[in-house]
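For reference, the structure discussed in these notes is given below.
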Amino acid sequence: RALGAELASIGLVLLDSPVTRPEAVGGNTRRITFMVAGDDEDAIEQVMPLLEAMAERVFRAGRLGGGHALKTLNNYVSAAGLAAALDAMIAAEKFGVDVETMLEVFNVGTARNFSTANTLVQEAMSRRYEARFQLALMVKDLRIARTLFERIGFAAPLSRLVAEQFGAALESIGDERADLSRSVEDWERRGEVRLPGPREQASSS
């Protein structure tokens, strides 16, 4: 918003329009969603045809900065779901519950989220690690989310805990380029277990 005000003083209009998508990987690159925000309605109307040509969906996110705020909150909720699912996977493995079966149950019940449906079985348990979103970027986004909560004066302790968990995972893995799905390795380290992959579970049943 500060940059938008500075640019407005010299006659330029700034819009923000970050993206999200419904799957971790895939060949259909048009399956993205834009969150466009700005203070100039005419400028938004001018760019809408371009955004609509590139994306599956386009949402209006309000005032300038609203798109980035929405993107940050989207990633916070996604990371919180991943952290909860990883906790559950470690607990299931230590208790003797088949982890893949647990995820199948989650995905037909109320626990279903992006990570249970995409990231965990396809990328983490398979050790493929190709979700194509770096763990370091998620840690950055979680820190931005914490800053957002602080600036609006709302106590959100879960945001701090989730940021700390993934920050610790990044430090433990020690690779700034590590895929987000590799965070499973730190959960395994803390839980002192190794989760079996889908093929291993299938062969042991």
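The values are calculated or read from the model by the stated rules, or taken from the named source; none is laboratory data. Every value quoted in this text rests on a predicted model; they were computed, and no experiment measured them. Cβ placement follows ideal geometry from the backbone for every residue including glycine, while neighbour counts extend to all protein chains displayed. In case anyone asks, the SASA skips ligands and DNA or RNA and just uses the protein heavy atoms, side chains included. Shrake-Rupley method; radii C 1.70, N 1.55, O 1.52, S 1.80 Å.
Of note:
- Within the set S9, S78, the sole residue that is among the polar types (S, T, N, Q) and crowded, with 17+ Cβ neighbours inside 10 Å turns out to be S78.
- Taking the criterion of being more than 17 Å from R143 (Cβ to Cβ), assigned to a helix (DSSP H, G or I) and either among the hydrophobic types (A, V, I, L, M, F, W, C) or open to solvent by 10 Å² or more (accessible area, probe 1.4 Å) (or both), the residues of the stretch 167-186 that qualify are S172, I173, R182, V184, E185.
- Pick from the stretch 118-147, criterion open to solvent by 30 Å² or more (accessible area, probe 1.4 Å) and not in a helix (DSSP H, G or I), ranking: modelled with the lowest pLDDT: R132
- Candidates A145, A117, A111, A131 - the one that is farther than 25 Å from S172 by Cβ and in contact with a helix residue (DSSP H, G or I) (Cβ under 7 Å, 6 or more places away or on another chain): A117
- Options R143, R151, R132, R128: the member that is within 21 Å of P196 (Cα to Cα) and not hydroxyl-bearing (S, T, Y): R128
- Among the residues making up the stretch 105-116, those that are assigned to a helix (DSSP H, G or I) and crowded, with 18+ Cβ neighbours inside 10 Å are F106, F114, S115, T116.
- Filtered by the rule that a residue be of a type in the set (V, I, T) and surrounded by 18 or more Cβ atoms within 10 Å (Cβ to Cβ), the stretch 148-166 gives a lone residue, V162.
- Qualifying residue in the stretch 42-53 (condition: farther than 26 Å from A136 by Cβ, in contact with a Phe, Trp or Tyr (Cβ under 8 Å, 6 or more places away or on another chain) and either open to solvent by less than 40 Å² (accessible area, probe 1.4 Å) or at pLDDT 95 or above (or both)): yes
Table: residues versus (1) free of Cβ contacts under 8 Å to residues at least 12 places away in the same chain; (2) within 21 Å of G67 (Cα to Cα); (3) within 15 Å of the chain's Cα centre (by Cα).
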residue	(1), (2), (3)
T116	no, no, yes
T119	no, no, yes
F133	no, yes, yes
M138	no, yes, yes
D141	no, yes, yes
I152	yes, yes, no
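- Restricting V162, V193 to those that are outside any helix (DSSP H, G or I) and at pLDDT 95 or above reduces the list to V193.
- Matching residues in the stretch 114-146 - criterion: being closer than 22 Å to I90 by Cβ and of a type in the set (S, T, N, Q): S115, T116, N118, T119, Q122, S126
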